[in-house]
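Notes follow the structure.
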Amino acid sequence: TLLGQDSIARQDVDTQAAAESAIRGRLLGNAPSQRQINDILSAYSEALSEIPALLPTVREGLEFAGAQHMMVFVMTEGKLERQRRALAEHGLTSLIANVWEMTKATAQFERLRQRFAPAQVVVIGDQLDRDIVPARDAGCEAVLVPSRFLPHWGAARDAQIADHVASTFLAAVEWVASTLMPPKMV
């Protein structure tokens, strides 16, 4: 993910119903008033509509990728138009070849490998289960840029699945350029 937060809204989930269910559930000891619930839902909806800040070094990484003649695609399981709007608002549209809304699964990454053959497909992602594992299972190179969000099902030892672990997006792109790209003739 290039942005500072993943899309909270997922497919087939009514965010308002999910938030209200969580608020009314066991998460809070004292049941809030209807006004408090409405205020929370309003703030939640507003937060969802905001364009998140870029993670550090994303712009630099995309510019470096462009200078190295790498084609960069954004794959999202969130809403396509939201991703395109975020890229446009951050002035990154010209650095991205395309944005795809897709379920990140092994079969999808296999299709990408076939589509771009004989070129090598490299996946840079922050989620082991949604980015790295299916990409590796499909035969793609995979670079993990660990995020602050590590779900309980993504054990730290699973990071070994990645071909490389980078501290930032720029470091990931630099690794791809230095390790996986053929040397340039001068």
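Keeping all protein chains in place and using 1.4 angstrom, which order do GLU77, GLU50 fall into by accessible surface area, from largest down?
GLU50, GLU77
Summarise the long-distance tail of P(r) for segment 59-157 by giving the % of C-alpha pairs beyond 16 Å. It works out to 61 percent of all Cα pairs. The H on the amide N of VAL72, modeled in the peptide plane, is under 5 Å from the matching H of ALA97, each at least 5 residues off or on a different chain.
The values are calculated or read from the model by the stated rules, or taken from the named source; none is laboratory data. None of these values were measured; they are calculated from a predicted model. Ligands, DNA and RNA are stripped out before the accessible areas are found, and what is left, the full protein with its side chains, is counted by its heavy atoms. Shrake-Rupley method; radii C 1.70, N 1.55, O 1.52, S 1.80 Å.
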